[in-house]
Structures are given as C-alpha cells and as structure tokens.
Amino acid sequence: MHKLPLNQAHLNKLKACGLQNLSADVCEYLCFEPGESVTNEGAPISRFLVVMQGQAKACRTAANGNSLILCYYISGGMIGEIELLTDQQTAGTTVTAITKFECIAVHYQDCQTELKTNTKFLRTLGTVLAEKLTASSESLATSALCSGEQRLCSYILQNSNCGRFHDLLSDVCCSIGISYRHLFRLLNQLCKDEILMKDDSGYQI
C-alpha cells in the first residue's frame, strides 16, 4: 500500500460526496497493488474509503475457511460505510484488490458528527447502499437462473487481472455454488475449447 498526497481530482471527488468541508488531516489517498488486502474481516476499522479507480472484491469467510464474494468495486463506490453507520468497530468483510486499486481514506474518529449530520453525504451513502442491494439481487438471480458454466465464466472475467486468473478454487466453488469435481470438469472443458490456457500459476484467458 502506498500513501499519496491528495490532488485536485481527489478534492473534487470529496466535494461530489458532500465532504469538501472535512479537514485535510483526516483524509489521505491510498493505492493498493493487486492481491493486497484493503480491509480485513474482524480487524479494527476507523475509516471509510471512497473508491477512485481500479477493481476489488469484498468477501465474507465461513467457519470452514471458504470465502464467499459479496460484491465488487469497479472504479466507484465506498468501503466501510456500513461500519460507519452502525458504529461497528471491526470490518465486516475482507476487501482485496484485483487490479491496482486507488481510494481516498477518511479517518472518521474526529469528524463523526459532521459525517452523520451532513445531508448531502448521507444521500450519497443511501445511493451507495441502494446500488449494493441492487447488485446483490442481480447476483442472486444469476445464481438461480444461469448455468454453472455461465457463472464460472462470469466469475473468471470479474476476478482476472490482465487476462490472468488464479483465485483459490475452493473459493470459486463456494462463490458460484458448484462442486469441486464439477468446477474441474468445466475448467478442463474451457481449456479444451481454447478459452483458457492452464499454467503453473493459474489460467490465462
């Protein structure tokens, strides 16, 4: 993770969210590399993130250690807004960068009153939450109505970086709702069809 100074584009983004009156010392610009954790489920959290660009995925971990993808962030949205609104002290999800991922961090310990009484910011939060609810509904419909191959291909496209895919296959099974055996059958067929190419580190599209 790299910390960078705010520039005018970042200030404009904060203004669009209604946060132009925040003190500069509570905001910083963060850049995460692919595969790097943005937040960790269960870890203390005292900031929310305004996404500028890049792609990341948010996951919850089950008792058996498998992860389920809840949503994706693609050059937009916010991370940690639920924890802010519910006064939750720990992160509810693990967010991992898929590509280079850039966002503005707002450390809210000293500005919670401003955030929770700022009408424009609260409207922005409402929009963000509504978009996540819509995406969740669409994901549920996809799981119920699309074939395993369609769900797998969609998953690979969303989680690939520069045409490469190397997620844990146990997490893939959990996220798209198919067995390990069926997953390998589908991956082998995609390789036979020359849609994927297997190598030591994963798959190339």
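The values are calculated or read from the model by the stated rules, or taken from the named source; none is laboratory data. Quantities reported herein were computed from a predicted structural model and do not represent experimental measurements. Don't worry about glycine lacking a Cβ; one is built from the backbone with ideal geometry, like all the others, and counts go over all protein chains shown. Keep in mind that these areas ignore ligands, DNA and RNA; they rest on the heavy atoms of the full protein, side chains included. Shrake-Rupley method; radii C 1.70, N 1.55, O 1.52, S 1.80 Å.
Leu196 meets each of the listed conditions (1) open to solvent by 40 Å² or more (accessible area, probe 1.4 Å); (2) at negative phi apart from (1). From the list Glu102, Glu114, the one residue that fits, being among the charged types (D, E, K, R) and at pLDDT 90 or above, is Glu102.
Among residues of region 68-93 that are under 12 Å from Val50 (Cα atoms), those with a beta-carbon under 7 Å from a residue that is of a type in the set (Phe, Trp, Tyr) and at pLDDT 90 or above at least six positions away or on a different chain give the pairs Met78/Phe48; Ile79/Phe48; Gly80/Phe48; Glu81/Phe48.
For region 8-17, the condition of being closer than 18 Å to Thr99 by Cα and surrounded by fewer than 19 Cβ atoms within 10 Å (Cβ to Cβ) holds for none of the residues. Restricting attention to region 3-35, the residues being assigned to a strand (DSSP E or B) and either of a type outside the set (Phe, Trp, Tyr) or out of contact with any strand residue (DSSP E or B) (no Cβ under 7 Å at 6 or more places or on another chain) (or both) number 6.
Condition test on Leu125, is it touching a residue at least 24 places away in the same chain (Cβ under 8 Å) and over 22 Å from the mean Cα position of the chain (by Cα)?
Working: touching a residue at least 24 places away in the same chain (Cβ under 8 Å): yes; over 22 Å from the mean Cα position of the chain (by Cα): no.
So Leu125 fails the test.
Take the residues of region 150-162 that are under 16 Å from Met197 (Cα atoms) and open to solvent by 50 Å² or more (accessible area, probe 1.4 Å): which is farthest from the chain's Cα centre (by Cα)? Only one residue tops the list, namely Cys162.
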